[in-house]
Each structure stands twice: as structure tokens, then as C-alpha cells.
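Peer 1: This structure is in C-alpha cells; I'll ask about it shortly.
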Amino acid sequence: MDRDEQYIKLAIDMAKTTVGQTSPNPSVGAVVVKDNEVVGLGVHVKAGEAHAEINALKMAGDKAKNATIYVTLEPCSHYGKTPPCAQAIIDAGMKRVVIASDDPNPKVAGRGIKMLENAGIEVATGVLREQADSLNANFFHFIETGEPYVYLKTAMTLDGKIATSSGESQWITGENARNDGHQYRRRCDAILVGVQTVINDDPKLTTRMEGNGKNPVRIILDNHLRTPLSSQLIQNDEAPTWIITSSRVSPHQLKAYRSKDHVEVISLKSPAIKIPEVLRYLGEKNITSLLVEGGGTIADAFVRAGKVSELVAYIAPKLLGGKDALTPVEGKGFEQLKQALHLRIHSTEMVGEDIKVTAIPKGR
Ligand SMILES: Nc1c(/N=C/[C@@H](O)[C@H](O)[C@H](O)COP(=O)(O)O)[nH]c(=O)[nH]c1=O
């Protein structure tokens, strides 16, 4: 690993610590180096606050002059909530800029680099690009599609069951795997379940394990508004609960949920909920990442709609059997093998006694 890669790696590792808290902005890290000495470090901590480059330049002070800045994403060139970073780098009299990821926004991609080069600053790009890009896969997907990046998460036994035939499901996987699953809740802007999971499991869907963290917005897909008023998602107000329902529900039904400030019922215009419509709506609400926790009917709807960005499967070394035991993807399914959703295995690792597999649909 050469010097440029070393400093970009440091910037990436810093950015990793802010994943989930900068939404709808990307997670970005920056390192300022002068004569092989680190003189400034910075991350973007929250949307609307200073960008990583500004924080690193603040720490570097006068030492930024004739120094090099290593940044995980192309410096912005437009006035957003904060002035453009490319201009701040020019004003600081820097000599060189090393970048990992290009800006995915076609409207501004390359503009920051142009500004820097026109000011006589040397620019190197694409250093550890893949690592930096995967850090912001959610953000890049959101910018390119206007829809949230969708993690489909499931937990099953080795024989593919998510519950016993009598419906018992807690717990299939161990503490470590469930803890790992909660990191996705911290990272995602929203978590989504179907109403059947609310009825079966009465989940809380907050980020509770390993030091807590930001709670995602909790979303229930509920065509006929069957969510029990007594359920934790209605009674517990630690996070917003959005119930997405169809246009067929009556004003009387809607009224029942109005008493809870943290609950919002959204009836989409169509008589039956369609996944693409749900994702368009969530994109407009700046939900950039969505964790779909099932159950099987919901999973099938996302799979058949071709709207899974990444599968996260936890597999417990257990056998449950039972022809009526629930499986991760139920519903209508595909009738022919050639229709199957093909994925590329992205990672496999042990998490406690369980196996964790992440996989990306082919063609993404
Ligand atoms: N049954 C299991 C899971 N089950 C996941 C969902 O079906 C549960 O309803 C949801 O996690 C409950 O949310 P909570 O109330 O916030 O804890 N997920 C897991 O990783 N392992 C499992 O063994």
C-alpha cells in the first residue's frame, strides 16, 4: 500500500464510523498531510453541518498551505447548505488533492475536480475507489434512482425455516447475529415489516443491542389496516411509525390511529400496495436506505418486484422441519426456475455460531 492509499484508507476508516448518521448525505472522511505529517482530520458528522474537508482544514489551520488533502469523495463544487469544499481547498492554498470516489450525482460529477485543476492544484482520483464506493452504496443508489437502497434481511435455520410450524420464532439465531442485525437498523433510515409480522411477533423495531444508536423510522405495509392498536409499534413512541395502506380503507378506520402523534397512516392511491410505489414515496421522504425485516410475504413482494439491493441472510445451525413452518420468501414466488432472482455472493462469515451471507442481485 503506497502513501496515497495509506492516507485514503485512514479517511475511509474514519468515514466508516459515521455510516447511518449523515443521511441523506454520504459518509465522508478527509486527512490533511504536510511534509508526510498528518496535520488535519475530519469527517462529515451530520447533514447540514460542515463537510469532512472543512473540518480537516479547520484542524490544519495555516499548515494546510502547500499541503495535500486526502478525501473519500470528490469535493463538492456547489453551494448546498454549506459553501463549496473545492473553493475552501483553493482558498487554503493547497498543493494536491487525492480522491477515492467520484461524485455519483451526474449534475455535479467532475465539477469539483475541474475547479481544483483550473486553480493549478494537482488532482489524483480513484485511489481505493471500490472500498470507498461500497461505503456509500446506499447514497449512490439513492442519488441514481431516487429510491432507498433496500437490504432484505432474513434469519433462518439450516433447513430454511424462519419459525416453527406453530409460529414460534424467537429466537432462531443467536445474540451475536441479532446484534449484527441491529447494526443495519442503526445504519438504515427506515425498517419495514408486513402487518402479519406485527401480528405474529409484535416487534419493537428499535436499535437496541450493542450501545443502541439511531432508531429507524418503522414502516408497516398494511393493505387493510389490520395493525393492532395494542401493538408495540403503535404504543411505543421511541421512533416514528408509518403505516402504508391502500386507498380502500375508510376515514373511520384511519381515525383510530390518529390519537398517536408518532403514528402516520399513508394511504397510497392504488387499491393494493405496490412495492415500486412504496419506494418512490419513501425516496420523496428522503429515506435513502431501507431494512426489510420480512416476513415471507413482504420478502416475496420485494423479490418479485426486483427491488432488493442486497440480501443479508443469517443461517442458524439448526433443523426445524415441518412442512407448514414459515420460510424466508413465501407469497406467490416464481413458477419457473428461469425466473429465479440470481445473486452474487458478496460475503460469508461466522457471526457467533451462525453463518452470515450477504448477496447482491446480479446486474446491479
Ligand atoms: N426471529 C429472528 C428474527 N426475527 C426478525 C423479525 O421477524 C422480528 O419480528 C423482529 O426482529 C423483532 O424485532 P424486535 O422486537 O425489535 O426485536 N431476526 C433475527 O435476526 N433472528 C431471529 O431469530
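Peer 1: Highest mean first, how do 102-114, 64-76 rank when packing is the count of other Cβ atoms within 10 Å averaged over residues? Write out the running numbers ahead of the final one.
Peer 2: Numbers: 102-114: 16.1, 64-76: 25.0.
Ranking the peptides 102-114, 64-76 by packing returns 64-76, 102-114.
Peer 1: Which FRET efficiency value, to the nearest 0.05, is calculated for ILE266 and THR358 with the Förster distance at 41 angstrom and r the Cβ-Cβ distance?
Peer 2: Working: r = 30 Å, r/R0 = 0.74.
About 0.85, to the nearest 0.05.
Peer 1: Would you be so kind as to identify which of THR197, TYR184, HIS51 lies farthest towards the positive end of the dipole of the chain, taking Lys and Arg as +1 and Asp and Glu as -1 on Cβ and the Cα centre as origin?
Peer 2: Towards the positive end, the residue furthest out is THR197.
Peer 1: For the stretch 44-95, just say rounded, prolate or oblate: build the C-alpha gyration tensor, square-root its eigenvalues into a ≥ b ≥ c, call rounded for a/c under 1.5, and beyond that prolate if a/b exceeds b/c, oblate if not. If you can, show how the numbers build up before the last one.
Peer 2: On the way: a/c = 1.85, a/b = 1.56, b/c = 1.18.
Prolate shape, in that a/c is at least 1.5 and a/b is the bigger ratio.
Peer 1: I'd like the Karplus ³J(HN,Hα) series for the stretch 45-54: coefficients 6.51, -1.76, 1.60, θ = phi - 60°, whole numbers in Hz, and an x wherever there's a Gly or Pro.
Peer 2: Residue by residue, the stretch 45-54 yields 9, 7, 4, x, 9, 4, 6, 4, 4, 5 Hz.
Peer 1: What are the extents of the Cα atoms of the stretch 260-350 along their three principal axes, in Å, largest first?
Peer 2: Principal axes ranked by extent give 42, 32, 29 Å for the Cα atoms.
Peer 1: Something else about it: Only Lys, Arg, Asp and Glu count, each charged at its Cβ (+1, +1, -1, -1), so figure out the dipole size of the chain about its Cα centre, rounded to 20 debye.
Peer 2: Result for the chain is approximately 820 debye, rounded to the nearest 20.
Peer 1: Using the Cα centre as the reference, give the magnitude of the dipole from point charges on the C-beta atoms of the stretch 69-115 (Lys, Arg: +1; Asp, Glu: -1; all else neutral), rounded to the nearest 20 debye. Don't jump to the answer; show the numbers that get you there.
Peer 2: Details: 6 positive and 4 negative charges, 18 e Å.
In total the dipole reaches around 80 debye.
Peer 1: Let me ask another. Let me spell out the model: positive unit charges on the Cβ of Lys and Arg, negative unit charges on the Cβ of Asp and Glu, origin at the Cα centre of the stretch 1-115. What dipole size does that give, in debye rounded to 20?
Peer 2: On the way: 14 positive and 13 negative charges, 49 e Å.
Roughly 240 debye, rounded to the nearest 20.
Peer 1: Rounded to the nearest 10 degrees, what's the angle between the helix 3-16 long axis and the longest principal axis of the chain, both from Cα atoms, 0 to 90?
Peer 2: 40
Peer 1: On a 0 to 90 degree scale, rounded to 10, what angle separates helix 275-284 from the longest Cα axis of the chain?
Peer 2: 40
Peer 1: For the stretch 126-206, which GluC sites (Glu not before Pro) are both in a DSSP coil and crowded by at most 15 other Cβ atoms within 10 Å?
Peer 2: On the way: sites: GLU130, GLU144, GLU168, GLU175; in loops: GLU168.
For GluC sites (Glu not before Pro) across the stretch 126-206 that sit outside H, G, I, E and B with at most 15 neighbouring Cβ atoms in 10 Å, the list reads GLU168.
Peer 1: Okay, moving on. Considering the zone a paramagnetic label at MET1 would reach in this model (a point 7 Å from Cα along the Cα-to-Cβ line), which residues of the stretch 10-43 have amide N under 14 Å from it?
Peer 2: 10-16
Peer 1: Would you mind checking which residues have amide H under 5 Å from VAL265's amide H? H placed 1.01 Å from N; only 5 or more apart, or other chain.
Peer 2: ILE243
Peer 1: Tell me the net charge near ILE220. Cut-off is 14 Å between Cβ atoms, ILE220 excluded, with +1 for each Lys or Arg and -1 for each Asp or Glu. Present the calculation step by step, with values, prior to reporting the outcome.
Peer 2: Working: positive: LYS204, ARG218, ARG226, LYS260; negative: ASP201, ASP202, ASP222, GLU264, GLU293.
Residues close to ILE220 contribute a combined charge of -1.
Peer 1: Measure off 7 Å from each Cα along the Cα-to-Cβ vector at LYS255 and ALA109, then give the distance between these two points in nanometres to one decimal.
Peer 2: Using points 7 Å along Cα→Cβ, the separation is 5.2 nm.
Peer 1: So how do 320-333, 85-98 stack up, highest first, on mean other-Cβ count within 10 Å? Can you show the working numbers first?
Peer 2: Details: 320-333: 15.4, 85-98: 20.6.
Top of the packing list down: 85-98, 320-333.
Peer 1: Using Cα pairs closer than 8 Å and at least 6 residues apart in sequence, work out the relative contact order for the chain, in percent.
Peer 2: Values: 800 pairs, mean separation 56.5, N = 364.
Across the chain, relative contact order equals 16 percent.
Peer 1: If you filter the stretch 1-89 for GluC sites (Glu not before Pro), then keep DSSP loop positions with at most 11 other Cβ within 10 Å, what is left?
Peer 2: Working: sites: GLU5, GLU37, GLU49, GLU53; in loops: GLU49.
Of the GluC sites (Glu not before Pro), not one in the loops of the stretch 1-89 has a Cβ with at most 11 other Cβ atoms within 10 Å.
Peer 1: Report, in deg cm²/dmol and to the nearest 500, the calculated mean residue ellipticity at 222 nm for the chain, where each DSSP H run with n ≥ 4 adds -39500 (n - 2.57) and the sum is divided by the residue count.
Peer 2: Numbers: 12 runs with 102 residues, N = 364.
When only DSSP H runs of four or more count, the value is -7500 deg cm²/dmol.
Peer 1: What percent antiparallel are the DSSP beta bridges of the chain, to the nearest 5? Intermediate results must be reported in sequence, preceding the final value.
Peer 2: Working: 23 of 59 bridges.
In the chain, approximately 40 percent of DSSP beta bridges are antiparallel ones.
Peer 1: Another question, if that's okay. Measure nothing fancy, just the Cα-based angle from helix 175-187's long axis to the longest principal axis of the chain, in degrees from 0 to 90, nearest 10.
Peer 2: 60
Peer 1: Quick one: Debye curve from the C-alpha atoms of the chain, no solvent, what's log10 I(q)/I(0) at q = 0.06, 0.13 Å⁻¹?
Peer 2: For the chain, the Cα-only Debye profile gives -0.27, -1.03.
Read-outs: derived from the displayed coordinates by stated rules, not from any lab. Bear in mind the structure is a predicted one, so any value in this text is a computation, not a measurement. Positions of Cβ are backbone-derived with ideal geometry, glycine not excepted, and every protein chain shown enters the neighbour counts.
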